[in-house]
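Structure record follows, encoded as structure tokens.
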Amino acid sequence: MKRISLLGATGSVGTSTLDLVGRNPDRFCIEVLTAGKDWVRLAELAIAHRAKLAVIADEGSLAALQEALAHTDIAVAAGPAALVEAARRPADLVLAAIVGAAGLPPTLAALEAGIAVALANKEALVCAGGLMTATAARTGAALLPVDSEHNAIFQVLGAPETVAHITLTASGGPFRTLPLAEMARVTPAQAVKHPTWSMGAKISVDSATLMNKGLELIEAYHLFRVRPDQLRVLIHPQSLVHGLVEYIDGSVLAQLGPADMRVPIAHALAWPERIATPVTRLDLAAAGRLDFEAADRERFPALAIAEAALAAGGCRPCVLNAANEVAVAAFLEGRIGFLDIAIVVAETLDAVPAHCPQSLADVEAMDGAARRMAHSFAAHRAQA
Ligand code: NDP
């Protein structure tokens, strides 16, 4: 029986994870479930999955959550410090599925406690990849990729000295073929309508700008310990080939599967074993064709900005991520346009001084400075 602590239980990845946990009651049990604000859903899930502890990040929701769970023996806590405590609690696996840099402190706490982490929360690794991988190496905690592309690479990756290139595929998002002039007018509703994956709002917008693929390059850099120039992006609209590893002898190994997050989540949950999933099986004859094309960095400048941040290293990915979170939130709230997202990120990267974060406190200070700067650039664009 694997005890699972699930951070971000009410989200898209959280829901898929609980679907798999519920189908495998002989293999998995739930230790902790957490949410940001949605205490109603958290209480329902905690009861349904017999969690030992339910934690809500929003302290204002504590009383309501307590009341909802008063007739149970489920412990309740609230606030960012309680999230960190919950992640440290003994468990066999922490599945990190909080969205954004808010997921960093609890995810790092799990690694510090030597608990294996299945990581969906890519922003944590983008902000503090060096710190997280060093912590995992020190405590011996496994860091298992849940992101479909990284999980694909994890499944086909051989000895580092034999690897020539790693390629992450990208669907290209809802605006893959849209002319640049029309992108200025796209709405949040259009941007979150992903053609192949069903995901939370923030990652859906990131997929539409291709920032998601940039964040994933940084994630891959930390997970697979390759040089930035060994990492590539390939647009693949069908989202059936998730990642490819080219070896020094010219062989290319790829992982394929349906565009359903339950496949990589199941792999990470069961690793090093495998479990059955209820997903619709990949039918290549029905798919008919697999298309591939180069990414267009002129129409999708966020990808080039992220690649430059990866090449520059140090705190640049942390600043990039913070600015992107602020810009995406401003876009989703209708304050700035779609094309403004990359502009706000680029302006913030230019404005925030570079240094290399050494500790969680350094990362949080850098993240805060970048957010303040990005807010002011976003406000400026909102008035323009
Ligand atoms: P969702 O927006 O669907 O869910 C986010 C989860 O995080 C919710 O449980 C939410 O709680 C919680 N949360 C939000 N803000 C905070 C906070 N400040 N503190 C604590 N908890 C918070 O996101 P997704 O499931 O789509 O994505 C989660 C992560 O996984 C992201 O990093 C994303 O990039 C990554 N990922 C997602 C994929 C997908 O298919 N969705 C694929 C690959 C990676 P509440 O419901 O209360 O707001």
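The table below gives the values:
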{"item": "Scope the stretch 35-49; condition touching a residue at least 24 places away in the same chain (Cβ under 8 Å), more than 18 Å from Ala82 (Cβ to Cβ) and away from the ligand (no atom under 11 Å from the Cβ); matching residues", "result": "Ile47, Ala48, His49"}
{"item": "Residue satisfying condition, being among the acidic types (Asp, Glu), farther than 20 Å from Gly200 by Cβ and at pLDDT 95 or above, within set Asp58, Asp73", "result": "Asp73"}
{"item": "Boolean, Thr167 is out of contact with any Cys (no Cβ under 9 Å at 6 or more places or on another chain) and more than 22 Å from Arg289 (Cα to Cα)", "result": "no"}
{"item": "Positions within the stretch 334-369 being assigned to a loop (DSSP other than H, G, I, E, B) and within 19 Å of Ser207 (Cβ to Cβ), in sequence order", "result": "Ile336, Gly337, Phe338, Leu339"}
{"item": "Residue match in the stretch 90-101 (condition: among the charged types (D, E, K, R) and either in contact with a Ser or Thr (Cβ under 8 Å, 6 or more places away or on another chain) or crowded, with 24+ Cβ neighbours inside 10 Å (or both))", "result": "no"}
{"item": "Residue that is farther than 30 Å from Gln238 by Cβ, at pLDDT 95 or above and either in a loop (DSSP other than H, G, I, E, B) or away from the ligand (no atom under 16 Å from the Cβ) (or both), where the choices are Pro105, Pro90, Pro174", "result": "Pro90"}
{"item": "From Glu333, Glu325, residue being surrounded by 20 or more Cβ atoms within 10 Å (Cβ to Cβ) and modelled with pLDDT of 95 or more", "result": "Glu325"}
{"item": "Any hit, the stretch 248-271, residues being part of a strand (DSSP E or B), within 13 Å of the ligand (Cβ to nearest atom) and at pLDDT 95 or above", "result": "no"}
{"item": "Odd one out for Asp362 among (1) free of Cβ contacts under 8 Å to residues at least 60 places away in the same chain; (2) over 29 Å from Ala81 (Cα atoms); (3) surrounded by 14 or more Cβ atoms within 10 Å (Cβ to Cβ)", "result": "(2)"}
{"item": "Cβ-Cβ under 7 Å pairs, at least 6 apart or on other chains, the stretch 10-21 side touching a residue at least 12 places away in the same chain (Cβ under 8 Å), far side in a helix (DSSP H, G or I) and within 8 Å of the ligand (Cβ to nearest atom)", "result": "Thr10/Arg41; Thr10/Leu42"}
{"item": "Residue check, Asp73 among the charged types (D, E, K, R), more than 9 Å from the ligand (Cβ to nearest atom) and in a loop (DSSP other than H, G, I, E, B)", "result": "yes"}
{"item": "Matching residues, the stretch 180-201, being farther than 18 Å from Gly334 by Cα and without any contact (Cβ under 8 Å) to a residue 40 or more places away in the chain", "result": "Ala181, His194"}
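Conditions (1) closer than 27 Å to Arg3 by Cα; (2) within 19 Å of the chain's Cα centre (by Cα); (3) charged (D, E, K, R), marked per residue:
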{"position": "Gly250", "(1), (2), (3)": "no, no, no"}
{"position": "Asp260", "(1), (2), (3)": "yes, yes, yes"}
{"position": "Arg274", "(1), (2), (3)": "yes, no, yes"}
{"position": "Asp283", "(1), (2), (3)": "no, no, yes"}
{"position": "Leu290", "(1), (2), (3)": "no, no, no"}
{"position": "Arg297", "(1), (2), (3)": "no, no, yes"}
{"position": "Glu307", "(1), (2), (3)": "no, yes, yes"}
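The values are calculated or read from the model by the stated rules, or taken from the named source; none is laboratory data. Since this is a predicted model, take the numbers as computed values, not measurements. So basically every Cβ, Gly included, is an ideal-geometry build from the backbone, and we count neighbours across all protein chains shown.
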